[in-house]
Amino acid sequence: MYCVIVGGGMVGEYLARTLLAEGDQVALIEGDPQVATHLSETLEGPVLVIQGDGCEVARQEDAGVPHADIFVATTGHDEDNLASCEIANRVFGISRALARVNDPKNLRIFRRLGIESISSTALIARMIQEEAALGSMSVAFTLTNDQVGLIEIKVPTMRNHDNEEGVAAFDLDFQDGIRLVATSHNDDIQVVRPSTRIYPGDQVIVAADTDLLDEARRVIRSL
């Protein structure tokens with residue numbers, strides 16, 4: 001997998017090291033010359049470090065965004081993350097753009113523009129490594145010092161339930177520490193009630209302890 005990262009601070013560096021350790025290829029765009037030099041000297045593996053502005057089309061082209069599998073913006077400025085993701089989407093047609101969101105109030109803007117957004121560094125790495133697990137996980141972020149996570153997942157075609165009848169939300173085999181909190185069916189968003197049913201194509205929002213997020217995805221995947 002080839003990943004382009006914008007922002008070489010603590011989050012970007014952590015993500016780059018995690019992906020390189022997994023054998024992935026990484027290009028990292030960093031504006032600060034000293035930080036860029038540090039990264040080029042210390043990162044090991046198939047990595048390209050570019051000193052420049054990740055919001056510039058030319059720098060993204062230098063980093064290989066046109067043929068990247070995923071684009072991740074991890075700077076400390078939401079406006080830069082939004083702008084760089086928009087360029088990757090609109091100019092280069094990147095298949096997947098993921099952004100770090102520093103201010104939770106901006107999550108709605110990112111979602112409206114179709115940009116996956118997340119605030120936990122560890123979850124960014126997990127989302128990238130598990131990209132094929134469900135096919136669509138549009139939002140994930142953590143609360144209370146990364147102890148609780150919220151993920152929004154698209155329900156796949158069901159293999160063990162009738163797709164037309166769906167499945168009752170309260171029948172999902174979630175263990176303690178995982179809760180289905182809301183669903184979106186035909187753009188109608190509702191808090192989960194005893195009568196709630198979910199169907200293929202629905203978006204479901206799940207709250208879970210961060211160490212149980214994989215289990216929550218497994219349950220949805222096995223419907």
message: I'm told HIS38 meets every condition in (1) crowded, with 17+ Cβ neighbours inside 10 Å; (2) out of contact with any helix residue (DSSP H, G or I) (no Cβ under 7 Å at 6 or more places or on another chain); (3) not polar (S, T, N, Q) except one. Can you identify the failing condition by its number?
response: (1)
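Provide a single number: the residues in the stretch 180-197 that are surrounded by fewer than 14 Cβ atoms within 10 Å (Cβ to Cβ) and not acidic (Asp, Glu). Outline the logic, then answer.
Residues of the stretch 180-197 surrounded by fewer than 14 Cβ atoms within 10 Å (Cβ to Cβ): 181, 186-191, 193-195.
Applying the additional criterion that residues be not acidic (Asp, Glu) yields 181, 186, 189-191, 193-195.
Final tally of qualifying residues: 8.
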ASP69 acidic (Asp, Glu) and within 17 Å of the chain's Cα centre (by Cα): yes
query: Mind checking which residues of the stretch 50-74 are part of a helix (DSSP H, G or I) and surrounded by 17 or more Cβ atoms within 10 Å (Cβ to Cβ)?
result: ARG59, GLN60, VAL65
task: Enumerate the pairs (first residue in the stretch 206-223 and in the same structural domain as ASN163 (by TED's automatic domain parsing); second residue anywhere and among the small types (Gly, Ala, Ser) and assigned to a strand (DSSP E or B)) with beta-carbon separation below 8 Å, excluding pairs fewer than 6 apart on the same chain, so at least 6 apart or on different chains.
output: ALA207/GLY149; ALA208/GLY149; ASP209/GLY149; THR210/GLY149; LEU213/ALA140; LEU213/GLY149; GLU215/ALA208; ALA216/ALA208
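The values are calculated or read from the model by the stated rules, or taken from the named source; none is laboratory data. Here the structure is a predicted model, which means the values were calculated and not measured. A quick note on method: Cβ atoms are made from the backbone with ideal geometry, for glycine too, and the neighbour counts reach across all protein chains shown.
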